[in-house]
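K.L.:
Could you have a look at this structure, given as structure tokens, before my questions?
The values are calculated or read from the model by the stated rules, or taken from the named source; none is laboratory data. In this text, all values refer to a predicted model and were calculated from it rather than measured experimentally. Cβ: placed from backbone, ideal geometry, glycine included. Neighbour counts: every protein chain shown. With ligands, DNA and RNA removed, areas are computed over all heavy atoms of the protein, side chains included. Shrake-Rupley method; radii C 1.70, N 1.55, O 1.52, S 1.80 Å.
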Amino acid sequence: MTADIAILILRLLLGLTLAAHGLNKFFGGGRIPGTAAWFESIGMKPGKLHAMAAAGAETAAGLGLAAGLLTPVTAAGFVALMVVAAWTVHRGNGFFITNQGWEYNLVLAVAAAAVAMLGAGRYSLDHLIFGHSWAPGWCGLAIALGLGLAGAIGQLAIFYRPPAR
């Protein structure tokens, strides 16, 4: 029971944090047009497509993980999003977030993958629908990392064109 509550707290923190990032792309400061222009400037083209995809994926993966729905798949969304962000934006800045490094991306991706491995717990939609956590253990970790890395690598290979320095 204590572990189920701990996983619930972790899922809510991770999921709602990522969902807030997605919703901010839709409704915050520059909204989709501003996000699209920024994506274009870092080499993710077409910018509007990536702004919409990132906003939607962050919102869906975040809410899905928070709810504990198909947890390894939503965790894969975290992995893909964070690998792309780390590679395109933070890679050249070193590890620490204080220098705009990739520390934060790593923490979110690894924490989501760990949740996929542990399972969503008793207080989740996975448990409500399936009667248990969906694909926990090594299978959950393999799904989260496999789908996440494949998605990130595919997106970077197809769409990322780093700007000339």
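K.L.:
Quick one: which residue in GLY15, GLY30 is open to solvent by less than 80 Å² (accessible area, probe 1.4 Å) and farther than 14 Å from LEU108 by Cα?
P.N.:
Of GLY15, GLY30, the one residue that is open to solvent by less than 80 Å² (accessible area, probe 1.4 Å) and farther than 14 Å from LEU108 by Cα is GLY30.
K.L.:
If you take the residues in the stretch 143-165 that are in contact (Cβ under 8 Å) with a residue 40 or more places away in the chain and outside any helix (DSSP H, G or I), which one is farthest from GLU58 (Cα to Cα)?
P.N.:
PRO163
K.L.:
Within the stretch 21-40, is even one residue in contact with a helix residue (DSSP H, G or I) (Cβ under 8 Å, 6 or more places away or on another chain), of a type in the set (Asp, Glu) and free of Cβ contacts under 8 Å to residues at least 24 places away in the same chain?
P.N.:
yes
K.L.:
Now, a different point. Looking at the structure I just gave you, is PHE26 over 23 Å from ARG91 (Cα atoms) and either part of a helix (DSSP H, G or I) or small (Gly, Ala, Ser) (or both)?
P.N.:
yes
K.L.:
Next up: For the stretch 103-148: of the residues being aromatic (Phe, Trp, Tyr) and surrounded by fewer than 23 Cβ atoms within 10 Å (Cβ to Cβ), which is farthest from THR2 (Cα to Cα)? Write out each step before concluding.
P.N.:
From the stretch 103-148, those aromatic (Phe, Trp, Tyr) are 104, 123, 130, 134, 138; that's our starting set.
So of that shortlist, the ones also surrounded by fewer than 23 Cβ atoms within 10 Å (Cβ to Cβ) come out as 104, 123, 130, 138.
Details: TYR104: 27, TYR123: 11, PHE130: 21, TRP138: 22 Å.
Among residues in the stretch 103-148 that are aromatic (Phe, Trp, Tyr) and surrounded by fewer than 23 Cβ atoms within 10 Å (Cβ to Cβ), the one farthest from THR2 (Cα to Cα) is TYR104.
K.L.:
Quick test of your reading of the structure: VAL115 fulfils all but one of (1) hydrophobic (A, V, I, L, M, F, W, C); (2) part of a helix (DSSP H, G or I); (3) farther than 29 Å from SER41 by Cβ; (4) out of contact with any Lys or Arg (no Cβ under 8 Å at 6 or more places or on another chain). Name the failing condition by number.
P.N.:
Against the list (1) hydrophobic (A, V, I, L, M, F, W, C); (2) part of a helix (DSSP H, G or I); (3) farther than 29 Å from SER41 by Cβ; (4) out of contact with any Lys or Arg (no Cβ under 8 Å at 6 or more places or on another chain), VAL115 comes up short only on (4).
K.L.:
Follow-up question, since we're still on this one. Quick test for you: out of LEU49, LEU69, LEU63, pick the one residue that is open to solvent by 40 Å² or more (accessible area, probe 1.4 Å), not in a helix (DSSP H, G or I) and not aromatic (Phe, Trp, Tyr).
P.N.:
Unique residue meeting the criteria: LEU69.
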